[in-house]
């Protein structure tokens, strides 16, 4: 299409496309406990850099947050309950008719496959931290999905959910749309190109 701004769109999975917060909170027993557990797990994945088993990091975060025994296993058992944000299927379906779409997620292959299926199946590439060998925000993770889609970084729009994805994707040359649904604080003051509380504006940009 003449004048198209982007040749591909890449999504973070577990926050940009999927409402994973609700499941974590339900398993944890409260929004406060779920947020504390989730934040610690995110810290552990960011610190890990090189991939180590995702489920193990989730379990370690639960122990460090003094969560009840067995919560990590329950979260994994209930993973198929993850639900996409309400507009996901309509927006993603329309975007897939315009440009190739990708997913880049800090997740294991098994859990990434389950969650990606909940978001629909119009994706040209689904890459997990396990398949790449690195967790975001390491540049190797973003470079892997850029290579898979075969577009120049500046022609790819990255749809972030987590705050650390904003500087991570920008550092490799991608523009960033931060789908900041729950009002997270910026990571190290990094500013996205676009900041929205839903995915709807993507249809104006792509």
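At a glance:
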| quantity | calculated |
| --- | --- |
| Alpha carbon centroid spacing (whole Å) that separates the stretch 122-146 from the stretch 1-74 | 16 |
| Globularity ratio of the stretch 67-149, using Cα Rg and 2.2 N^0.38 Å | 1.21 |
| Value of [θ]222 nm, deg cm²/dmol, for the chain, DSSP H segments ≥ 4, -39500 (n - 2.57) each, nearest 500 | -12500 deg cm²/dmol |
| Highest-fluctuation residue, 97, 170, 138 considered, GNM on the chain with Cα pairs under 10 Å | 97 |
| Considering only the chain, percent of DSSP beta bridges that pair antiparallel, nearest 5 | 10 |
| Convex hull per residue volume in Å³, alpha carbons only, for the chain | 103 |
| Rg to Rh quotient for the stretch 20-80, alpha carbon positions, Kirkwood Rh | 0.94 |
| Listed residues 158, 194, 11, most fluctuating in the chain (Gaussian network, C-alpha, under 10 Å) | 194 |
| Selected from 184, 57, 104 as most flexible by GNM, with the chain as the system and alpha-carbon contacts under 10 Å | 184 |
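Read-outs throughout are calculated quantities, based only on the coordinates presented, and are distinct from any laboratory measurement. Remember, predicted model here, so these are calculated numbers, not experimental data.
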